[in-house]
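Following: one structure in structure tokens, then a few remarks.
The values are calculated or read from the model by the stated rules, or taken from the named source; none is laboratory data. From a predicted model like this one, the values you see are computed outputs, not experimental measurements. Positions of Cβ are backbone-derived with ideal geometry, glycine not excepted, and every protein chain shown enters the neighbour counts. Keep in mind that these areas ignore ligands, DNA and RNA; they rest on the heavy atoms of the full protein, side chains included. Shrake-Rupley method; radii C 1.70, N 1.55, O 1.52, S 1.80 Å.
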Amino acid sequence: MNITQVKVIVTNPGRNFVTAKIETSEGISGVGDATLNGRELAVATYLSEHVAPMLIGRDAFAIEDTWQLMSRASYWRRGPVQTAAQSAIDMALWDIKGKALGVPVYQLLGGRCRTGVMAYTHAGAAEISETIDDLQMFIEQGYHAVRLQCGVPGVPDVYGVDRDTSTQPGAGTERPYVEGWDTSAYLGVVPKLFEAAREAVGFGTHLLHDVHHRLTPSEAGWLGKRLEDHRLFWLEDALASDYQSAYRLVRQHTTTPLAVGEVFTSLVDCEQLIREQLIDYVRASAVHAGGLTGLRKIAAFAEPYQVKTGCHGAADMSPITMAAALHFGVSTHNVGIQERALHPEEADDVFPHAYTFSDGYLDPGEAPGLGVDIDEALAERYEYRRGYLPVVRLRDGTLTNW
Ligand code: CS2
Ligand code: MG
């Protein structure tokens, strides 16, 4: 079965998504997510101009060899643009192989090692009391794990707090939206958020928090220590992870579990973090870290170090990535949890899928392949619209990490 065509489909059902659809000589096709939030057309061009031409005529079953070709043929290694393209092709080839053999992809990855993947969703409001209301609502919906974010007094538009969607990341704004930040005010309110949450719901629900890359190692060590009595499931992206060794200082000061990695594009980005056990969860995702093949390489390296995965699952990756994450999630031993941010309804219509959520767990379903597709006719109705991610400035105007 040979690759005969690689279509690149850009659509905007509520936000931009980029999809690679591979057609084969046997009439079986497969889909892969290539969405890089805020830089979508860079990946679409990389796919159509640099990847597609060299894949035509290749054996569609040669997944590993194709992955290695996309890693090495560019000479320039890794990075978010080329890895998102590589990821999409990889997901599509696993989809094709599952369909050709008549089995869900998780069967090709080793079969089930759990009945479902525990999910977590996002509760975030300006006031702590409103975040707690959302937390209790999600518990009633069956979630066993919820991420909590809240506003920071005196700081406009803080990450993770529900706002008008025109400024939500992923919906995109014509120019980068400028959010505010003040670490001291933030460190004053987060312990209060988790005190209130534990007071309200006890310790029966896993609670998570995303710092979103904004602290220094000593600030992160202080916060982690301060939160220890609230037993978080994880404190995410406490630092920007460019210098993996910076996590040593955080680890020395706190036992609060640490998660990082939604921006990682390969094992190179997290090898030291895992080998030195500086983190507890690696957040790499199928769309950013080389597809299912790339994700499996990271998970296999992490297993002996007792580091688990907690794949990124924001709304700015398509339902194809969610489907791939769940086939990986039910069949990989050291999977910890799966993020579940809901897509706009129109996106679920463009990407019909077999995966389901019930009683706090996600399941990929039994459809052959990844169990997800793209409705090309419907996708065509949603025009691409350039959309920037926000940026963040401190009170004195200094740029920091969003
Ligand atoms: C966030 C993401 O879900 C998370 O953990 O860090 O929503 C992130 O802000 C977006 O994926 C950026 O595109
Ligand atoms: Mg995050």
Problem set entry | Heavy-atom accessible area per residue - the stretch 5-92, 1.4 Å, Å² | 38 Å²
For this session: Return the aspartates and glutamates within reach of residue 21: Cα separation strictly under 13 angstrom, same-chain partners fewer than 8 residues apart disregarded; answer none if there are no such residues.
Result: 33, 90, 95, 373, 375, 376
For this session: Compute the relative contact order of the stretch 263-402 as a whole-number percentage, counting only Cα pairs closer than 8 Å that sit 6 or more residues apart in sequence.
Result: 17 percent
Problem set entry | Candidate residues 285, 71: accessible-area rank, largest first, probe 1.4 Å | 71, 285
Problem set entry | Helix-only mean residue ellipticity at 222 nm for the chain, each DSSP H run of n ≥ 4 adding -39500 (n - 2.57), per residue, nearest 500 | -10000 deg cm²/dmol
Exercise. Among 299-310, 238-249, what's the highest-first ranking by average C-beta atoms within 10 angstrom per residue?
Worked result: 299-310, 238-249
For this session: Starting from the Cα of residue 253, step 7 Å along the direction of its Cβ; do the same at residue 271; then give the gap between the two resulting points in nm.
Result: 2.9 nm
Seminar exercise, completed: Inter-part gap, Cα centre of the stretch 284-333 to Cα centre of the stretch 43-121, in whole angstrom, is 12 Å
For this session: Choose one answer from 332, 265, 205: the residue with the largest mean-square fluctuation in a GNM of the chain with alpha-carbon springs under 10 Å.
Result: 205
Exercise. Per 5 Å bin from zero, what fraction in whole % of the C-alpha pairs of the stretch 3-104 is there, up to the bin with the longest pair?
Worked result: 3, 14, 26, 25, 17, 10, 4, 0
For this session: Summarise the accessible area of the chain (1.4 Å probe, protein heavy atoms) by the percent that is carbon and sulfur.
Result: 50 percent
For this session: Roll a 1.4 Å probe over the protein chains and send me the accessible area per residue for the stretch 108-367 in Å².
Result: 37 Å²
Seminar exercise, completed: Charge tally for neighbours of residue 368 with beta carbon under 15 Å away, counting Lys, Arg as +1 and Asp, Glu as -1, is -2
For this session: Could you give me the percent of Cα pairs per 10 Å distance bin for the chain, shortest bin first, beginning at zero and ending with the bin that holds the maximum distance?
Result: 5, 23, 34, 26, 10, 2, 0
For this session: Please find, in a Gaussian network model of the chain (springs between Cα atoms separated by less than 10 Å), the residue of 251, 231, 381 whose mean-square fluctuation is greatest.
Result: 381
For this session: In whole Hz, with x marking every Gly and Pro, tabulate ³J(HN,Hα) for the stretch 92-105 from phi via Karplus 6.51 cos²θ - 1.76 cosθ + 1.60, θ = phi - 60°.
Result: 5, 5, 5, 4, 4, 5, x, 5, 5, 8, x, 10, x, 4
For this session: List every residue whose amide H lies under 5 Å from the amide H of residue 206, counting only residues 5 or more places away in sequence or on a different chain, with H placed 1.01 Å from N in the peptide plane.
Result: 145, 146
Problem set entry | Distance between modelled label sites at residue 388 and residue 228, nm, 7 Å Cα→Cβ extension | 4.2 nm
Exercise. For the chain, what relative contact order do you get, as a whole percent, if you take Cα pairs closer than 8 Å and at least 6 residues apart?
Worked result: 23 percent
For this session: Mind ranking 253, 230, 122 by accessible surface for me, highest first, 1.4 Å probe?
Result: 253, 122, 230
Exercise. Over the chain, what is the percentage of antiparallel beta bridges among all DSSP beta bridges, to the nearest 5?
Worked result: 50 percent
Exercise. Here are some pairs, 225/297; 192/297; 97/297; which of them have Cα atoms lying more than 27 Å apart in this structure?
Worked result: 225/297; 192/297
For this session: Above 20 angstrom, tally the Cα pairs of the stretch 4-61 and express them as a % of all pairs, no decimals.
Result: 25 percent
Problem set entry | Estimated distance in nm for a label pair at residue 359 and residue 376, the labels positioned 7 Å out from Cα along Cα-to-Cβ | 4.1 nm
Problem set entry | Acute angle (nearest 10 degrees) that the helix 319-331 long axis makes with the longest principal axis of the chain, alpha-carbon atoms | 80 degrees
